[in-house]
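Here the structure is laid out as structure tokens; the discussion comes afterwards.
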Amino acid sequence: MKILDYLNQNSGAFIVVFTFFVTLSTIVYAILTAYLVKETKKMREVQTEPRIEMAIEPLEEAINIIRLRIKNIGLGPAINVKFKADVLSGGEGAQKLLSEFTDVNFLKTGLQYLGPNQKLYSKYTQMTENFEQKIKSLFQFEIIYESVTGGKYVEKAIIDISEMKGMSQIGRPNLYSIAKSLEKIQTDFGYILSGFKKIHTDIYTSSDREEYNKLLKKRYGEIEENEKDGNV
């Protein structure tokens, strides 16, 4: 009875406390819901968002030959891609090198479409030519593009050729060596089929075997006669 009397006397206070916790729970639930909606939106954007990167890439078979690789590493296609390039340092040598790299049409006029994981390359340059001038070159590329959902993006890529200084290569890449070996086999096989080269073979016929057997029998006969005469 005392407990019931206590509850009846303080019912108003219990209602206030209960209402407070319900309100607090509702606020927390609303915040969590808003956070989940925001994260879901970000995930949806990531699935349709392009992202273009630009970097130096030497050839596998010749590290002294380099070019610029442009790749869409995002999950969505990029459209209306434009490129703007500026020389940050390196003077006339850097300007010439930039002209070499950008002597390809898409770097001048842009791209209408660059799909996910699609990559393109600039013109290449031979680093053994005018090395001291080229190695000091520093560029900045501004890449402007859009997503299919209407999002607009601007990426800035710094191309520092001095990063290549001191790099070396030991041997040839395995895939390149295999390709060259297959190419040589194909060439040699083509020569044989065309008659340009002939296979050198020693043919052993049945008549050759008969002649050889005769020689063996003759030799054995001579050995037997020598044994009989006591010459062996």
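Suppose R0 equals 22 Å; then what is the FRET efficiency for Thr149 and Arg69 from their Cβ-Cβ distance, rounded to the nearest 0.05?
It comes out at approximately 0.25.
Placing unit charges on C-beta atoms (Lys and Arg positive, Asp and Glu negative, everything else neutral), compute the dipole magnitude of the range 58-170 about its Cα centre in debye, rounded to 20.
Taking the Cα centre of the range 58-170 as origin, the dipole is about 280 debye.
Take Val17, Val81 and sort them by solvent-accessible surface of the protein heavy atoms, 1.4 Å probe, largest at the top. If you can, show how the numbers build up before the last one.
Numbers: Val17 75, Val81 0 Å².
Largest accessible area first, the list is Val17, Val81.
Please arrange Tyr212, Tyr121 by accessible surface area, largest first, computed with a 1.4 Å probe and ligands excluded. Walk me through the intermediate numbers first.
Numbers: Tyr212 120, Tyr121 65 Å².
Ranking Tyr212, Tyr121 by accessible area, largest first, yields Tyr212, Tyr121.
At 7 Å along the Cα-to-beta-carbon direction for both Ala30 and Lys123, put a label point, then send me their distance in nm to one decimal.
6.3 nm
The values are calculated or read from the model by the stated rules, or taken from the named source; none is laboratory data. Given the structure is predicted, the values throughout are model-derived calculations rather than measurements. Methodologically, a virtual Cβ is constructed for each residue, glycine included, from the backbone with ideal geometry; neighbour enumeration extends over all protein chains shown. Ligands, DNA and RNA are stripped out before the accessible areas are found, and what is left, the full protein with its side chains, is counted by its heavy atoms. Shrake-Rupley method; radii C 1.70, N 1.55, O 1.52, S 1.80 Å.
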